[in-house]
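The values are calculated or read from the model by the stated rules, or taken from the named source; none is laboratory data. These numbers come from a predicted model, not from an experiment. Counting neighbours? That spans all protein chains shown, and the Cβs are built from the backbone with ideal geometry, glycine included. Quick note on the areas: whole protein, heavy atoms, side chains included, nothing else; ligands and nucleic acids left out. Shrake-Rupley method; radii C 1.70, N 1.55, O 1.52, S 1.80 Å.
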Amino acid sequence: MKFYAMIALLCAGIAGNAQAHEVWIERDAAGPARIYLGEPGEPLPAGGDPEFAQLKAPRLLGDAQPALVRKAGFLEAQVPAGDVRAWDDNVFAPWGEAGKKEGVVYYARAGRAEAAARLPFEIVPVAANANRFRLVRDGKPLPATKVTVITPDKWSKAFTTDAAGEVTVAIREKGRYLLSAATKEDGAATLPGGAVTAVHHITTTSFTAE
């Protein structure tokens, strides 16, 4: 009995980590992209989030796959100019009971120069460098869905997308802003870690206000 209780607690811990954590990208001007795993609303611990080791090989969108260099708390990649996108479906192993396992897929974007969605789940500016964003799932706007905005000083506020799947971000100060959203899809699917009956999709977009 103790064994099964321990397994249940372990699965609950994995589920909590997977749903509380996000993958996000930071980029300064045309410098390298820095890919993080953690809780962006909290100060980053020295050396990175305790779960950072789980982030092994996120895939950058595009034909070229630059080398990922592991730094203290993030993966660094030399990328071309412009918006940067990445995704990873193999960060956390599926969790839960046999036959009822759940998994997570992360999507991340840095920049708001391009008003188009190229990831399956993405927060997109409605126009280049706009402060209004559209949440897009498989090419379609996603209304009535929570989008959380984190400001440069770590102040955060949750908004709900309107009928067009859009929210407006008030620019309070200069610095980096991060938007995040999540959705859950029930149904059989296969991830690198195995078969699941539900998938959590978590997406982020970061941009810098000058």
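Per-structure values
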{"item": "Probe 1.4 Å, protein heavy atoms only - accessible area per residue of the chain in square angstrom", "result": "50 Å²"}
{"item": "Under-5 Å amide H pairs with VAL147, H placed in peptide plane, nonlocal only", "result": "PHE159, THR160, THR161"}
{"item": "Estimated [θ] at 222 nm from DSSP helical runs (n ≥ 4, -39500 (n - 2.57)) normalised by residues in the chain, nearest 500", "result": "-3000 deg cm²/dmol"}
{"item": "Gap separating the Cα centres of region 89-158 and region 41-74, nearest whole Å", "result": "17 Å"}
{"item": "Ranked packing of 75-83, 184-192, most packed first, by mean Cβ within 10 Å", "result": "75-83, 184-192"}
{"item": "Karplus-derived HN-Hα couplings along region 32-47 (A = 6.51, B = -1.76, C = 1.60, θ = phi - 60°), whole Hz, x at Gly and Pro", "result": "x, 7, 10, 9, 10, 10, x, 10, x, x, 10, x, 6, x, 4, x"}
{"item": "In degrees, nearest ten, helix 2-20 long axis to first principal axis of the chain (Cα)", "result": "10 degrees"}
{"item": "Protection-proxy order for peptides 198-205, 158-165, each taking the mean of Cβ atoms within 10 Å per residue, highest first", "result": "198-205, 158-165"}
{"item": "Nearest-20 debye value, region 23-63 charge dipole, Cβ charges on Lys, Arg, Asp, Glu", "result": "180 debye"}
{"item": "Zone residues, region 95-126, relative to ASP162, backbone N less than 15 Å from point 7 Å out along Cα-to-Cβ", "result": "126"}
{"item": "Contour minus Cα-Cα distance for LEU61 and ASN129 (0.36 nm per residue)", "result": "22.5 nm"}
{"item": "Compactness of region 102-141 as Cα Rg over 2.2 N^0.38 Å, two decimals", "result": "1.19"}
{"item": "For peptides 35-48, 61-74, sequence by mean Cβ density within 10 Å, most packed first", "result": "35-48, 61-74"}
{"item": "Label point distance in nm, LYS174-GLU114, each placed 7 Å from Cα along Cα→Cβ", "result": "2.8 nm"}
{"item": "Heavy-atom accessible area ranking, 1.4 Å probe, most first, across TRP155, TRP95", "result": "TRP155, TRP95"}
{"item": "Computed magnitude of the charge dipole of region 66-210 (debye, nearest 20; Cβ of K, R +1, Cβ of D, E -1)", "result": "280 debye"}
{"item": "Apportionment of accessible area to carbon and sulfur, region 23-97, percent (1.4 Å)", "result": "55 percent"}
